[in-house]
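Following: one structure in structure tokens, then a few remarks.
What follows draws every value from the coordinates through simple rules; no lab data is involved. Because the structure is predicted, anything quoted here is derived from the model rather than measured. FYI the Cβ positions are ideal-geometry reconstructions off the backbone, even for glycines, and counts take in every protein chain you see.
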Amino acid sequence: MSAVLGRLLGVMVLLMGLVQFAGLGYAQAPSAAQGEKLANFHCSRCHVMPGRNNMGIGSTPSFKTMVRSKSSAWRDKFEAFFSLAPHPAFVTIKEMRTERTGPAIIAPIILSLREIDDLMAYVDALATEFRKQ
Ligand code: HEC
């Protein structure tokens, strides 16, 4: 192979790498629709979800109650929910290598940071909807 061809090939591989890098999931904006699916799938086991007739668990605040909280900390709590009780017992975040801490009596929830972003997009949409009521 000639040196010129070799260099050309090198540039092409580099370009392909760049294209692939730009195509990573993170290039997409967080999706509230995806977040809603995740919340209905995972969180509705305990939390009452807006627009759904799930029962939830009595002592567990509903998503609607939480996004309407008078305290402005409600959003921080959603962002860090996996580190707030009772969640560390059953939630694992892939990239953070958090390990659930509880005994295997509750089905584990495994989420990525990307999915946390989607959940946040969903609760932000809920807040827009419910905080003005
Ligand atoms: C196994 C039951 C269970 C599941 C599943 C669950 N939660 Fe919770 N969550 C709770 C309980 C119970 C509380 C109330 C804790 C308290 O008041 O001390 C809570 C509280 C919260 C709070 C408020 C935290 C605070 O300290 O004020 C947020 C935010 C939250 N949950 C988000 C989520 C999200 C997001 C999911 C789904 C990815 C989820 N939860 C799944 C049981 C659950």
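General observations
- Cross-link pairs 70/94; 64/132; 64/94 - those with Cα-Cα distance over 21 Å: 70/94; 64/94
- Per-residue 3J(HN,Hα) values for segment 114-128, derived from phi via the Karplus relation 6.51 cos²θ - 1.76 cosθ + 1.60 with θ = phi - 60°, read 4, 6, 5, 4, 5, 4, 5, 4, 5, 5, 4, 5, 4, 4, 4 Hz in sequence order (x marks Gly and Pro).
- Amide proton proximity set for residue 109, modelled H, under 5 Å, gap of 5+: 91, 92
- Residue order for 113, 126, fewest other beta carbons within 10 angstrom first, comes to 113, 126.
- The orientation-averaged shadow of the Cα convex hull for segment 31-82, equal to a quarter of the hull surface, comes to 3.9 nm².
- Relative contact order %, segment 31-130, counting alpha carbon pairs below 8 Å whose residues are six or more apart: 36 percent
- Sites listed here are trypsin sites (Lys or Arg not before Pro) in segment 60-128 whose DSSP assignment is loop and whose Cβ has at most 12 other Cβ atoms within 10 Å: 70, 94, 97.
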